[in-house]
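The values are calculated or read from the model by the stated rules, or taken from the named source; none is laboratory data. Just so it is clear, the structure is predicted and the values come from calculations on it, not from any experiment. All Cβ positions, glycine included, derive from the backbone under ideal geometry; neighbour counts span all protein chains shown.
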Amino acid sequence: MRKASVNDLKSINKIIERCLSNRPVSNRIKKLTLSSLLFEAADLDYMAIWVAGEPIMGVMGLQKISQGMLLHSIYVDPSKSHQGVGSELLHHARHYTALRNQERLIVKAFWESIGFFTKIGFAPSNILDYPHTLELAV
C-alpha cells in the first residue's frame, strides 16, 4: 500500500473505467458519470489517494471532512476481485481514519454497492445529504 502520484493516474483511471463498465446501469449513465469519477492531478491536492499492488490492482481516495473521513472512492480491478485487495484497502482506510483522529469512515455509495458496505459493517447514515450514505465507527 502506498500513496499515489501523478504518474499513477493513467493506471488508476484504467481500473476505474473497467469497474464502471461492469455497473448494472445503462450505457448512457456510464458515459455521463465516467468523467466525474476519474482522478485528476488536482485530486492529489485535497485527497489521500492510495494504491494497492504492483502493478496497481486497487485504489481508494480518502478525504477528511468535518463529519469524519470520506471514503471518496474504492475500486479493485475486476480481474483481481476476491483476492483480498479490497480488504487490504478497507483495512488501510480504517487505520488512516484513526490516525487522523476521525471517529467515522463515511461512504456515499452507488445503490448497487450498499449490500457490500453493510456486509462489512457500514450502517445507513443521515450524516450527509446523499441518498446512499453509510458510515463505520473506527
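Being surrounded by 11 or more Cβ atoms within 10 Å (Cβ to Cβ), among the β-branched types (Val, Ile, Thr) and in contact (Cβ under 8 Å) with a residue 60 or more places away in the chain is a description that does not apply to residue 56.
Could we say that residue 16 is at pLDDT 95 or above and closer than 21 Å to residue 117 by Cα here? Spelling it out, it is not the case that residue 16 is at pLDDT 95 or above and closer than 21 Å to residue 117 by Cα. Would you call residue 65 touching a residue at least 40 places away in the same chain (Cβ under 8 Å), surrounded by fewer than 17 Cβ atoms within 10 Å (Cβ to Cβ) and of a type in the set (A, V, I, L, M, F, W, C)? Judged against the criteria, residue 65 is a match.
Here residue 98 passes the criteria (1) under 11 Å from residue 69 (Cα atoms); (2) in contact with a strand residue (DSSP E or B) (Cβ under 7 Å, 6 or more places away or on another chain) except the one numbered (2). Pairs are defined by a Cβ separation below 6 Å, a sequence spacing of at least 6 or placement on different chains, a first member in segment 1-29 that is touching a residue at least 60 places away in the same chain (Cβ under 8 Å), and a second member that is loosely packed, with under 15 Cβ neighbours inside 10 Å; the pairs so defined are 18/78; 24/112.
Taken over segment 8-62, residues that are β-branched (Val, Ile, Thr) and in a strand (DSSP E or B) amount to 3.
For beta carbons closer than 8 Å, sequence separation of 6+ or different chains, a first residue in segment 113-129 that is on the phi > 0 side of the Ramachandran plot and a second that is assigned to a loop (DSSP other than H, G, I, E, B), there are no qualifying pairs. Pairs needed: first member in segment 74-90, on the phi > 0 side of the Ramachandran plot; second member anywhere, among the basic types (Lys, Arg); C-beta distance under 7 Å; at least 6 residues apart or different chains. Close Cβ pairs satisfying both conditions: none exist.
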